[in-house]
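The values are calculated or read from the model by the stated rules, or taken from the named source; none is laboratory data. A quick note: this is a predicted structure, and the numbers were derived from the prediction, not measured. Here the Cβ positions follow ideal geometry from the backbone for every residue, glycine too, while neighbour counts run over all protein chains shown.
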Amino acid sequence: MNATQRLTSVTLSVSDTPSNFIGTCRPVDDFEKVGRVGEGTYGIVYKAIDKSNQKTVALKRMRMEREADGLPLSALREISLLRRLSHTNIVRVMEVCVGQDLADFGLARQFSVPPCPMTPKVVTLWYRAPEILLGERLYTEASDMWSAGCIFGELLKNAPLLPGKVEPHQFELIIALLGNPTERIWPSFRDLPLANLFRFDTPKMQQQYSTIKQVLSSSNGAAAASPQALELVQDLLVYDPKRRLDTRGALRHSYFRREGPNPCIPSAIRLRFDSRSGGGGGGIFGGGSSAGSGNLRGGGAIANLRKKLEGEQQQGQDFRRKIRRVDRDEDFDLPVGARPFRQFDLDEK
Amino acid sequence: QTQPQLALTPLAVAFVPSKRLLNLMNRQHLHLPNPFYDSTVQQGKMQNDIRPTLVNWCSSLSQEFQFNTETVFLSVNFLDRYLSSTKVVRIQQLYLLASSCVYLAAKFGEELKEPCISDVSALSMFGSSIKDVKRMEAKVLKELKWELTPVSPQSILSELLSSIGELFPTVLKDKITN
C-alpha cells in the first residue's frame, strides 16, 4: 500500500451548508489544488477548487503515516466536533473521503466540568500552555487562553511568538519571553508531574524580566503594538492558569473598550482608505497596516463606499450596545424558572 | 445562638440548570437509533437475544480495557445506529461491529487510555484481523455520518450531579446566613 493511498482528506468550506455529506466519498481528483495554505501538526491544508461547481474549498490532508491504529484519534475528534459546530467563523466540514485520497480542532473535546484528566499530548507545540508542557492532566480552558495569547501575539509580531522545536526548547522560549516562573507568580508549578524534567537552573532558563514589550515593540515590518494590545497579550500569557485572563475577562479588556476601532459585526469593520500612504493612526492592531490601501484610491466610488460603510458603522454600534447589555447580565440566557426542556419531538429526526 | 437550619431537601433548592446541562438536554433527541430497526432494517432476522449479548460484549470489552462507562453508552449508541441503517446478518460481523464500536467510542471518548487496534483484534470473538477492524471502523463512521457526539443518559446524569455539587455549598451558605 503506498503512502497516498492511506491518506484521508477532508473538505472544508467556510460558508456553505453541507449538501450531501453522507457516503459521498468522492475521489480527491474532483478537487483541483490551487495552493498550499498552511501546514499543521496533523496535516497540510490546501486551497482547492471543486471541479463540479467551481467553488473554492479548503482541503485538509491528514497525515496517516504514523497511524497503525486505523483512523487517527485527532482526525476523528476534529471531524466529528466540527460536524457539530455551526458558526460563520468556524470552517464547516463538507465531505470526508476515506480510503484512497482525503481547521485545527485536532484535539478538541467535549467540555466537562469538573475537569477530568486529559492527555497532555495536545496542541501544536508553539501554542502549548506551560502547565501542559509540565504534564498537567487537569488542565482547563485557561490553556486555550494561553494559545489565544500566542496567536494574538503572532498577529502583532507578524511572526510566531514562541516557535519551539521540542518541548525543552519551547520552555526556553517561554522563559526568554516572560522571565522564569517563580513560586511567587505561579505557586504550584513545581508540583506538576514533569516539573523536575526541566532544569530551571541552567543559564538559558534564568531570565528575570519579561521581554514581551521589546519583542512586540517593532519587528518584521509589523507596527509597534499599542499599550492596550500589549497589556492584553501580557494578561493572556500568564504562567499561572488560575490567574490567566478568562474569556469573559478578555472580552471586557480595555483593548476592546478604550481603543478604537471598537468591536463590531464583520460587515461593519471600518476599512481605512487613507490616501496618505503607509500606516499611522489607529488600525486594528494599534499601528495600522498600509496593505490594500493603495488599490482603493480616488474617484466617486470610494465616496460611495465610505457612505455605505458609515451606514454600517451605525449597525455596528447597535450591535456593540447589545454586546454590552449581554455582558452586564451575567447569565442572560438563563431566566430563573424557565423550562429547560425542549419539547421532545419525535418527528424531528 | 441559633442553629443553622439544614433541613433542606435537594428539591427545595431553586435549581438553575447550567448551560452545559441545557445544551445536553437540547441535544438529547439527536443521534438516536431507530427503535424498530429489528423488524424494519434487519427484517426480523436478528436472533432474539443477540442485542443483549452484543451489549454485554461491549460492556465486557470496555471493562477489560478499563474504559469509562460513558464509552459503553457511546459504543451501544453507535451499534444501534449502525444497525438502524445497515442490515447485518452474520454473527461474526455483528461481533466485529460491536468491537469496532467500542474501539471507536474509546478513541473518541477516552482521555488517558487510548485503545490499541491490535488488542481489539486480539480480543475479538471470531478472530477478526486488524484489517477487518479498520474496515469496519470506516464503515461505521460512514453510516453514522461522522456524528459521534450523541448525548448519553450517563452524561446528563453526571452533569446533573456535578451542577448540584457546584450549586450546593453556596446555596446552603446563603440559607444559613439569612
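Numerical summary
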{"read-out": "Some residue of the range B:95-111 being within 17 Å of B:Tyr37 (Cβ to Cβ) and of a type in the set (D, E, K, R)", "value": "no"}
{"read-out": "Residue under evaluation B:Glu147, criteria (1) under 23 Å from B:Val41 (Cα atoms); (2) in a helix (DSSP H, G or I), criterion not met", "value": "(2)"}
{"read-out": "Test: B:Asn56 is under 18 Å from the mean Cα position of the chain (by Cα), away from chain A (no Cβ under 13 Å) and under 19 Å from B:Gln154 (Cα atoms)", "value": "yes"}
{"read-out": "Residue within the range B:76-84 that is at pLDDT below 90, in a loop (DSSP other than H, G, I, E, B) and either more than 19 Å from B:Ser60 (Cα to Cα) or not basic (Lys, Arg) (or both) present", "value": "no"}
{"read-out": "B:Lys107 of a type in the set (Lys, Arg) and surrounded by fewer than 21 Cβ atoms within 10 Å (Cβ to Cβ)", "value": "no"}
{"read-out": "Selection status of B:Lys113, modelled with pLDDT of 85 or more and basic (Lys, Arg)", "value": "no"}
{"read-out": "Failed condition for A:Gln54, given (1) farther than 30 Å from B:Leu112 by Cα; (2) at pLDDT below 75", "value": "(2)"}
{"read-out": "Matching residues, the range B:54-78, being closer than 20 Å to B:Lys139 by Cα and of a type in the set (Val, Ile, Thr)", "value": "B:Val55, B:Thr71, B:Val72, B:Val76"}
{"read-out": "All helices (runs of 4 or more DSSP H) inside the range A:142-239 with 1 or more residues being in contact with a strand residue (DSSP E or B) (Cβ under 6 Å, 6 or more places away or on another chain) and closer than 29 Å to A:Asn262 by Cβ", "value": "A:142-157, A:227-236"}
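This table checks each residue for (1) at pLDDT below 75; (2) touching a Pro at 6+ places or on another chain (Cβ under 8 Å).
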| position | (1), (2) |
| --- | --- |
| A:Lys204 | yes, no |
| A:Gln207 | yes, no |
| A:Thr211 | no, no |
| A:Ala222 | yes, no |
| A:Thr247 | no, no |
| A:Ile269 | yes, yes |
